[in-house]
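Engineer: Quick one: this structure, given as structure tokens, is what I'll be asking you about.
The values are calculated or read from the model by the stated rules, or taken from the named source; none is laboratory data. For clarity, every value in this text was computed on a predicted model and none was experimentally measured. Cβ placement follows ideal geometry from the backbone for every residue including glycine, while neighbour counts extend to all protein chains displayed. Note: areas computed on protein heavy atoms with side chains; ligands, DNA, RNA excluded. Shrake-Rupley method; radii C 1.70, N 1.55, O 1.52, S 1.80 Å.
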Amino acid sequence: MANEVNAGRRVRLEDVAAAVGLSTASVSLVLRGVPGPSAATRERVLEAATRLGYRPDRAASLLARRRSRLIGVLLDVRSSFHAQIVEDLHETVEQHGYELVLATITRGRTEQRAVETLLDSRCEALILLGPEASAARLAALDRQLPVVAVSRRVPTPGVDVVRVADDAGVARAVEHLTDLGHRDIAYLDGGPGMIAADRRRGYQRAMREAGLTARARVLPGDKDEAAGMRAARELLDGAGLPTAVVCFNDRCAVGLLDVFIRGGVAVPGTVSVVGYDDDPLSRLAHVALTTVGQDTGRLAEHAVAAIVERLDGDRGEHREVVLPPYLVVRNTTGEPRPN
């Protein structure tokens, strides 16, 4: 059916409506992400739109809306790393005559709810910082308006992606520790999600390449200080201290450090610790955390460039920009303790 529809003309909203037996108004609500239609209806409509190859006429849509020149940004309000990117985004979008609309994820506010807020705010495009939605959901969103996923790999080319090579970043942290002489290196995991999976894979690969597969140890974790504190307590309560721990992010590392310091564990004398993100807290003199960093300025520049090319230019295909991470060596890593 898709070939028959596409043979002579662009697939229209009416074609999708006919395929699922709904009104064009109902289909429009689903494709714009407006609350109302049931989950089953949304699934039927999105499946038909994908099968038929439907893409909204963005030029006509922007003309009808007289262009808002608003770019929506999804961020986790608890992440200082996200805050850095937003600051850089503000500086960059103003150079192109756009403004940002922010929607936050909190303990009680889901990613889906935040995205719906941005759609309701007449944003012309979305920049999603570390989104956790499935690739299919992100692709469906991109069929409504341009979407850029920042700092998260998307396995299918349904959206533009701007990210740092997370697996390489964690591998670089492990290499730093093995260069110092560490062999008993644990990894504090970041829980579910694509970012956590990539960083975990980087640790496992680096340990394998160093001939340390048998000594690899992944500690259950999450994305905040509480996860680091839990992991540190488990290590102190009998799991056994490694000589070094690489953490999913700086927040986990700070939680780990807090419990270690309170428990009299010398860092780096007894255990070396490496974080990820190089956020402002890690740079404070009393923390001085060795960490893997991401250039937030370049992430912001590439994300805005991708949006502008799609809104103001004629680029239709999706692309991925992968930036290299960097390692900052501070005071939390050193040679392993003597046996």
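Engineer: Relative to the longest principal axis of the C-alpha atoms of the chain, give the angle of the C-alpha long axis of helix 296-311, reported between 0 and 90° and rounded to the nearest 10°.
Structural biologist: 10 degrees
Engineer: Using 1/(1 + (r/R0)^6) with R0 = 25 angstrom and r between the beta carbons of ARG208 and GLN112, what's the FRET efficiency to the nearest 0.05?
Structural biologist: Result of the calculation: an efficiency of 0.10.
Engineer: Among LEU177, GLN204, VAL164, which residue has its Cα positioned farthest towards the positive end of the charge dipole of the stretch 164-208, with +1 placed on the Cβ of Lys and Arg, -1 on the Cβ of Asp and Glu, and the dipole taken about the Cα centre?
Structural biologist: Projecting each Cα onto the dipole axis, the largest value belongs to GLN204.
Engineer: Once you sort the root eigenvalues of the Cα gyration tensor of the stretch 210-281 as a ≥ b ≥ c, which label holds: rounded (a/c under 1.5), prolate (a/b larger than b/c) or oblate (the other case)?
Structural biologist: rounded
Engineer: Calculate the radius of gyration of the Cα atoms of the chain to one decimal place, then report Dmax, the largest Cα-Cα distance, as a whole number, both in Å.
Structural biologist: When restricted to Cα atoms, the chain yields Rg and Dmax of 22.8, 75 Å.
Engineer: Then there's this: Run the quick spin-label model on ASP312 and GLU94: label points 7 Å from Cα toward the beta carbon, then report their separation in nm to one decimal.
Structural biologist: My value for the distance between the label points is 1.6 nm.
Engineer: Once you charge only the Cβ atoms, +1 for Lys and Arg and -1 for Asp and Glu, what is the size of the charge dipole of the chain about its Cα centre, to the nearest 20 debye?
Structural biologist: Once rounded to the nearest 20, the dipole reads 680 debye.
Engineer: Quick one: dipole size for the stretch 131-278, taken about the Cα centre, charges +1 on Lys/Arg Cβ and -1 on Asp/Glu Cβ, in debye to the nearest 20.
Structural biologist: The dipole of the stretch 131-278 has a size of about 340 debye.
Engineer: Counting helices only, and only those DSSP H runs with n ≥ 4, report the 222 nm mean residue ellipticity of the chain as the sum of -39,500 (n - 2.57) divided by its residues, in deg cm²/dmol to the nearest 500.
Structural biologist: About -13000 deg cm²/dmol.
Engineer: Continuing with the same structure: How many nm separate the modelled label positions at THR104 and LEU281, each set 7 Å beyond the Cα in the direction of the Cβ?
Structural biologist: The modelled label-to-label distance comes out at 1.5 nm.
Engineer: Strictly under 4.7 angstrom between C-beta atoms: which cysteines of the chain have no such partner?
Structural biologist: CYS123
Engineer: Let me ask another. What FRET efficiency, computed as 1/(1 + (r/R0)^6) with R0 = 30 Å and r the Cβ-Cβ distance, is obtained for ARG10 and ARG67, rounded to the nearest 0.05?
Structural biologist: Approximately 0.90, to the nearest 0.05.
Engineer: Looking at the chain only, what percent of DSSP beta bridges run antiparallel? Nearest 5 please.
Structural biologist: The antiparallel proportion sits near 10 percent.
Engineer: Turning to a different aspect of this structure: Given labels modelled 7 Å from the Cα in the Cβ direction, how far is it in nm from ARG137 to SER80?
Structural biologist: Placing both labels 7 Å along Cα→Cβ, they lie 2.9 nm apart.
Engineer: Quick one: accessible surface of VAL77, probe radius 1.4 Å, all protein chains present, in square angstrom to the nearest 10.
Structural biologist: Looks like 90 Å² after rounding.
Engineer: Relative to the longest principal axis of the C-alpha atoms of the chain, give the angle of the C-alpha long axis of helix 225-234, reported between 0 and 90° and rounded to the nearest 10°.
Structural biologist: That helix lies at roughly 40 degrees to the long axis.
Engineer: Once the piece of chain linking SER26 and ASP258 is laid out straight, how much longer is it, given 0.36 nm per residue of separation minus the C-alpha distance between them?
Structural biologist: 78.2 nm
Engineer: Hey, what does the equivalent ellipsoid look like for the stretch 198-320, semi-axes from the Cα gyration tensor as sqrt of 5 times each eigenvalue, largest first, whole Å?
Structural biologist: Square roots of five times the eigenvalues give 35, 18, 12 Å.
Engineer: How much length would be gained if the chain were fully extended between LEU327 and ARG217, taking 0.36 nm per residue of separation minus their Cα-Cα distance, in nm to one decimal?
Structural biologist: Result: 37.4 nm gained on full extension.
Engineer: Next question. If I fit a long axis through the Cα atoms of helix 80-94 and take the longest principal axis of the Cα atoms of the chain, what angle between them do I get, 0 to 90°, rounded to 10?
Structural biologist: Helix 80-94 and the main axis of the chain meet at about 40 degrees.
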